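Below is one structure, written out as structure tokens; the observations come after it.
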Amino acid sequence: MLTSSALAVRPRYAVHTVVCDGCHRGWSEPESSSAHRLVMVRSGRFRRRGHAGTVEVDRLCAYLATPGQSEQFAHPAGGDVCTAVTVDSALWRSLAGSGSVSVAAIAVDGRLDLAHRRCLIATRSGDQDFALAEELIGLLAVAVRRAVPGPLPGVSGRRDHGLVAAAREAIRERDPAAAGLVPLAQRLAVSPFRLSRAFSREMGESITAYRNRFRVARALDAIERSDRSLADLAAELGFADQAHLARTLRAQVGYPPSAIRALLRPRV
């Protein structure tokens with residue numbers, strides 16, 4: 001029996017936990033992948049047969065699948081738990097270009113394993129449009145470069161002063177496109193991967209960290225100048241909810257919102 005539960009679902013990408021509790025040595029009926037996806041095992045193992053060959057998939061072996069690709073599965077060792085990351089065609093092309101997956105499996109080394117774990121943590125961050133998007137694109141970029149031959153889209157060799165300046169301006173001015181990494185990259189006519197890497201290289205921090213610093217500064221302004229509820233502030237500043245705002249403030253300032261409000265009160 002196969003079950004899937006959503007960890008994060010956005011218009012251009014999604015992350016699911018997929019659990020199989022079956023045990024069958026024979027191959028399943030052929031099925032076609034309906035999306036571009038990366039599958040990584042958290043526990044257990046299974047066998048997969050695709051156009052590039054047959055492979056046993058476990059914690060040290062992941063795979064990429066593309067729409068229309070025929071697949072079959074066998075579970076001779078029992079059940080498994082996997083992470084399935086799916087992206088739309090435009091986001092896939094920004095990472096893989098026009099290349100196609102040419103290998104049956106991708107070796108999962110420490111770098112890919114760490115990126116996978118960071119992605120799972122980001123699904124719980126409350127920031128699925130920036131924090132998760134940046135981790136997810138980093139994870140996919142590593143996997144795609146190991147599975148798709150030929151030249152792939154990437155960060156240009158030049159210093160992207162103009163691109164980073166435009167991204168910072170969009171964040172400062174609260175451009176609607178700056179609500180997420182993917183729409184912001186689309187607004188700036190570059191791939192999310194290029195924007196993320198160029199920003200980190202130019203600024204010495206991720207675009208997610210920069211955006212959070214800006215939002216914390218605005219939150220401190222609002223807390224100092226008004227008695228508005230934290231729920232209202234969280235909604236205005238683009239946090240997922242009041243708890244997300246409180247976690248971010250505590251992490252960056254070192255105090256919970258109530259203590260910050262007290263510290264900013266004029267002393268009589």
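Side notes on the structure shown:
- Meets criteria (open to solvent by 50 Å² or more (accessible area, probe 1.4 Å), farther than 14 Å from VAL148 by Cβ, of a type in the set (Gly, Ala, Ser) and modelled with pLDDT under 90) for GLY68: yes
- Of the residues making up the range 71-101, those that are surrounded by fewer than 17 Cβ atoms within 10 Å (Cβ to Cβ), over 16 Å from GLY26 (Cα atoms) and either over 25 Å from the mean Cα position of the chain (by Cα) or hydrophobic (A, V, I, L, M, F, W, C) (or both) are VAL81, ALA90.
- Residues that are open to solvent by less than 70 Å² (accessible area, probe 1.4 Å), at pLDDT below 90, over 21 Å from GLY180 (Cα atoms) and part of a helix (DSSP H, G or I) within the range 222-258 comprise ALA222, ILE223, LEU230, PRO257, listed in sequence order.
- Checklist (1) within 13 Å of the chain's Cα centre (by Cα); (2) among the acidic types (Asp, Glu); (3) open to solvent by 40 Å² or more (accessible area, probe 1.4 Å) applied to GLU134, failing item: (3)
- Residue match in the range 21-30 (condition: assigned to a strand (DSSP E or B) and open to solvent by 80 Å² or more (accessible area, probe 1.4 Å)): no
- Residue check: SER43 meets all listed conditions (1) in contact with an Asp or Glu (Cβ under 7 Å, 6 or more places away or on another chain); (2) crowded, with 17+ Cβ neighbours inside 10 Å but one, namely (2).
- Some residue of the range 152-167 being modelled with pLDDT under 95, open to solvent by less than 70 Å² (accessible area, probe 1.4 Å), closer than 15 Å to LEU64 by Cβ and not in a helix (DSSP H, G or I): yes
The values are calculated or read from the model by the stated rules, or taken from the named source; none is laboratory data. From a predicted model like this one, the values you see are computed outputs, not experimental measurements. Cβ: placed from backbone, ideal geometry, glycine included. Neighbour counts: every protein chain shown. In case anyone asks, the SASA skips ligands and DNA or RNA and just uses the protein heavy atoms, side chains included. Shrake-Rupley method; radii C 1.70, N 1.55, O 1.52, S 1.80 Å.
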